[in-house]
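Novice: One structure, as structure tokens, below. Some questions next.
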Amino acid sequence: MIEDDVFLGPSCVLTNVTNPRSQVNRHSLYEKTLLCRGCSIGANATIVCGVTIGRYAFVGAGAVVVGDVPDYALMLASRPARRAG
């Protein structure tokens with residue numbers, strides 16, 4: 001779910017299944033991802049399914065987010081992303 005005032009940069013990716021496979025119906029395995037009000041997701045960032053990005057958090061370009069991000073956190077590119085502020 002994407003709340004109000006969220007910025008999604010170009011080519012960012014939101015996954016929906018933890019273990020995707022070609023030609024296998026996995027609709028029952030979809031996980032919810034929540035992008036809270038005012039957060040910003042940078043270009044080419046990847047948000048793995050089932051996480052919450054907190055209010056006004058910032059995910060830098062190219063970051064790979066694999067866990068929940070607290071409100072107002074700054075997540076920078078690393079594999080996986082690490083909190084920098």
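Novice: Which of the trypsin sites (Lys or Arg not before Pro) across the chain are loop residues per DSSP, with 11 or fewer other Cβ within 10 Å?
Specialist: R21, K32
Novice: Starting at the first residue of the range 24-39, write each ³J(HN,Hα) from the Karplus equation 6.51 cos²θ - 1.76 cosθ + 1.60 with θ = phi - 60°, in whole Hz, x for Gly and Pro.
Specialist: 10, 6, 10, 4, 6, 9, 4, 10, 7, 10, 10, 9, 6, 3, x, 6
Novice: Please list, in chain and number order, the residues 5+ apart from R55 or on another chain whose amide H is under 5 Å from its amide H, with Hs placed from the backbone.
Specialist: HN-HN under 5 Å from R55: D71, Y72.
Novice: Only Cα pairs under 8 Å and at least 6 apart count here; give the relative contact order of the chain as a rounded whole percent.
Specialist: Relative contact order for the chain comes out at 25 percent.
Novice: Follow-up. To the nearest 0.05, how large is the calculated FRET efficiency for L76 and N44 if R₀ is 22 Å and r is the Cβ-Cβ distance?
Specialist: It comes to 0.95.
Novice: Also, I was wondering about something else. Going 7 Å from the Cα of A84 toward and past its Cβ, which residues in the range 3-44 have a backbone nitrogen under 20 Å from where you end up?
Specialist: Counting only backbone N, you get 7-13, 39-44.
Novice: Along each principal axis of its Cα atoms, how long is the chain end to end? Whole angstroms, biggest number first, please.
Specialist: Per principal axis, max minus min of the Cα coordinates gives 39, 26, 21 Å.
Every number in this text was worked out from the coordinates using simple rules, so none of it is lab data. These numbers come from a predicted model, not from an experiment. Glycine also receives a Cβ, built like all others from the backbone with ideal geometry; neighbour counts cover every protein chain displayed.
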